[in-house]
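Peer 1: Okay, here's the structure, questions in a sec.
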Amino acid sequence: NQSLTASYVSAGACLPFPQDGLVLHLEADTGVTTAVESSTVTGWADQSGQGNNLTASGNPQLVANGLNGEAIISFDGSGDILERLSSVSGLPAGNADRTVYAVVKYDGTGYGGISFGTNAINEAFGLIVAPSGNLMIQGWGNANDFDSGVAGTSMGWMIQSIVHQAGTLRHYQDGNQIDSRVHS
């Protein structure tokens, strides 16, 4: 027997998507190619202008109405990959500042998510889910991978992001900081 009243005030139009320093921009409703008469993804065109297009392996699926009526790419956890097969243009290296945002839903455990770099110690950077099911920053190698201790698997859709600025990593889930540490 309670009554709640919510009042909303218009804050105006949303700001446009930032373009300054943008190196990779992927949206499932733009630039996705599929196999003939199929929803199996074969490629994903980068919308940033950098030309960092991705090629598919396995059978990732384009789901037309996957999230609030918007398209998504679904990975079944068994060999599905979207990757850049040639050199990458414009991505930061070394200790340069960078930010990565991803809208994700982790349904299973194991390593999964988005990262860039190489499979060498402290040569990758990404947002993933760890085998424990927790959200994690990937740098490649135990001393460079940081488990947030915050559950990611089976938590539904979320925005997972990381900011590396001036040697400090800040990890976020839905805009709330969940981890921070100094790391080059």
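The values are calculated or read from the model by the stated rules, or taken from the named source; none is laboratory data. Every value quoted in this text rests on a predicted model; they were computed, and no experiment measured them. All Cβ positions, even for glycine, are placed from backbone atoms using ideal geometry, and neighbour counts span all protein chains on display. Accessible surface is based on the protein model in full, side chains and every heavy atom, while ligands, DNA and RNA are left aside. Shrake-Rupley method; radii C 1.70, N 1.55, O 1.52, S 1.80 Å.
Peer 1: Provide the FRET efficiency to the nearest 0.05 for the Ala166-Thr34 pair, computing r from the beta carbons and using R0 = 45 Å.
Peer 2: Working: r = 42 Å, r/R0 = 0.92.
Efficiency, from the Cβ-Cβ distance: 0.60.
Peer 1: Between Asn119 and Gln177, what length comes free when the chain is fully extended (0.36 nm per residue of separation minus the Cα-Cα distance, one decimal in nm)? The partial results should precede the final answer.
Peer 2: Working: separation 58, 0.36 × 58 = 20.88 nm, distance 2.67 nm.
The Asn119-Gln177 span can extend by a further 18.2 nm.
Peer 1: Shifting gears a bit: With a point put 7 Å past each Cα toward its Cβ, work out how far Gln47 is from Asn144 in nm, to one decimal.
Peer 2: About 3.1 nm separates the two model spin labels.
Peer 1: How far is it, in nm, from the label point at Ala96 to the one at Ile159 when both lie 7 Å from their Cα along the line to the Cβ?
Peer 2: Taking the two extended label points, one gets 2.4 nm.
Peer 1: Provide the FRET efficiency to the nearest 0.05 for the Asn68-Asn1 pair, computing r from the beta carbons and using R0 = 35 Å. Numbers along the way, then the final one.
Peer 2: Details: r = 32 Å, r/R0 = 0.93.
Here the calculated transfer efficiency is 0.60.
Peer 1: Put a dot 7 Å past each Cα toward the Cβ at Ser78 and Ala13; how far apart are the dots in nm?
Peer 2: 4.7
Peer 1: Return the carbon/sulfur percentage of the accessible area of the chain, one whole number, probe 1.4 Å, all protein chains in place. Mind dumping the intermediate values first?
Peer 2: Values: 5580 of 11200 Å².
Ligands and nucleic acids excluded, carbon and sulfur give 50 percent.
Peer 1: Indicate the gyration tensor shape class of the chain (rounded, prolate or oblate), computed on the Cα atoms with a ≥ b ≥ c the square roots of the eigenvalues: a/c under 1.5 is rounded; otherwise a/b larger than b/c is prolate and the rest oblate.
Peer 2: Working: a/c = 1.34, a/b = 1.07, b/c = 1.26.
Rounded shape, in that the Cα axes give a/c under 1.5.
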